[in-house]
Amino acid sequence: MMKGASSSKGYSPTPLKFMFSDSKYARQSKYSLAGTFLLGIVCGFFISWHRSPALVSGPAQIALGSSVASNIRVLDDELFLGPQEGDQRPARLAKYELKVPDYQHVYDKSWLDGGYPKASCWGCRFAADVIARIPAHTILDAGAGNGVLLRQLRAHGKSAWGIELSQAVLDADCPDLLESGIVKQGSLTNLPYEDNQFDLVFSADVLEHIRPSEVDRVVQELVRVSRRHLFLSISLKGHTKVRAGSNEEANRHTMLRPRHWWEAKFREHGAVLNRELVWALQERDGHFTDKDMRDCRTEGVADDGGNYRVCVVDSPWLVGSRDQENLRKDRCITPDNGELEPWFFAFRKLR
C-alpha cells in the first residue's frame, strides 16, 4: 500500500512531506504561499507609507484631498502639546502693535447697554465637555468677553488666557484679569502671541461677527498660535434680527457660511477636521419635519459656499453657565443635516 493512502480499516491522514513533494500540486501550493507572503509585505509597506508623518504632513497632506487629510492621524496629539502643569504664560511677539477694527464700538455698546445678558458666557455650557475630551493645558479664549469662561477654565486647573475686542467689557467686568495680563484687548486678525503657544484655541460664537474681508487673516492667526487643537462654536443663523432693538444690533452676524465652507477654510490654512470630536458633541435631531419648523430663512452667499436654510424649532436648551438659568424654549436648526445650535467645529493643526 502506498504510504499515506487509506487502508481498509479507516482513513490515514496524508503526511506533510507528501503534500510538499515535487508534484505539480505542491508547486502550485508553494507559489500560492509565496504570493500571499509577498502581497502582505506590499500591503504593509503601503499602509506604513500612507500613515508616515515624514511623508504626509503640512501642505503635502492637504494636497491629498479633504477626504484623506481629515482622517489621517499624523502622530499622537500629546507629542505636539506643551507642559501640562503650571501657569504657562504665552510668549508675546516682540514687535506687536495693537490694531482694532472700526466696529469695536458696536460690541462696547452690546456689552454695556444690554445687548448681551449680564454674565453672558456662550462657551461655559460646553467648555467642560471639550476639555474632558482634549488633552490640553494651555488654552486661548479667542473672544473672551467678560472673562467668565476664563475664570471657569482656570477653576478647572487650566492655564487659560484671553483676547477680547471690547475694552469696555474688560474694564467693567474683569479688571483683575486685565491687570494681571490674563486677558488683553486685541483683534483676532492680529494676535499678540508667538507661534504654537496654546494646546487648544477655543472660541465660542465669535467668528460669525467678523467681516468677510477678515476671514482668512482670522483663521490663519488662530491656527498659527495653536500647537494642536482648535474648538469653536460658530453661529450659522441670522435670527438675531428678530430680537434686536436696533439695526446696528440686528446686523451683528456679518459672516454666515455653511459648515462645509468653514471646514474647507480651516483646512486651507493648515487645520484638518477632528471629525470624532464633532460627532461626540454636536447635537442632532432628525425627527423634526417641515410642519415643526418656523421662521425659516435662507443664509449664506450663493457664489461663496452656497445658500442654506436655518429654521426655528421648539427645543429647550440651556444657554451659557448653569447659574445664569438662561433656559430657552426654542432654538435654530439647519434642516439639511438636522444639526441644532450651537454648531460645533473642531480641528487639528498639521505640523
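The values are calculated or read from the model by the stated rules, or taken from the named source; none is laboratory data. Everything numeric in this text was worked out from a predicted model, so none of it was measured. Cβ: placed from backbone, ideal geometry, glycine included. Neighbour counts: every protein chain shown.
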Taking residue 272, is it in a strand (DSSP E or B) and buried (at least 18 other Cβ atoms within 10 Å of the Cβ)? yes
I'm checking my understanding of the structure. Among residues of segment 142-169 that are among the hydrophobic types (A, V, I, L, M, F, W, C) and part of a loop (DSSP other than H, G, I, E, B), which one is nearest to residue 89 (Cα to Cα)? 144
Tell me whether segment 177-192 contains one or more residues that are touching a residue at least 60 places away in the same chain (Cβ under 8 Å) and in contact with a Gly (Cβ under 8 Å, 6 or more places away or on another chain). yes
Hey, can you tell me all the residues within segment 195-208 that are surrounded by fewer than 21 Cβ atoms within 10 Å (Cβ to Cβ) and of a type outside the set (D, E, K, R)? 196
Tell me the residue from 141, 76, 102, 87 that is among the acidic types (Asp, Glu), closer than 22 Å to residue 185 by Cβ and at pLDDT below 90, please. 102
Report whether or not residue 172 is touching a residue at least 40 places away in the same chain (Cβ under 8 Å), in the same structural domain as residue 208 (by TED's automatic domain parsing) and assigned to a loop (DSSP other than H, G, I, E, B). no
Of the criteria (1) at pLDDT 95 or above; (2) in a loop (DSSP other than H, G, I, E, B), which one residue 267 fails: (2)
Out of everything in segment 83-107 that is in contact (Cβ under 8 Å) with a residue 12 or more places away in the chain and outside any loop (DSSP other than H, G, I, E, B), what residue ends up being surrounded by the most Cβ atoms within 10 Å (Cβ to Cβ)? 107
Does at least one position in segment 226-246 carry a residue that is at pLDDT below 90, loosely packed, with under 15 Cβ neighbours inside 10 Å and either farther than 18 Å from residue 331 by Cα or not assigned by TED's automatic domain parsing to the domain that holds residue 108 (or both)? yes
If I filter segment 329-340 for residues that are part of a strand (DSSP E or B) and of a type in the set (Lys, Arg), do I get at least one hit? yes
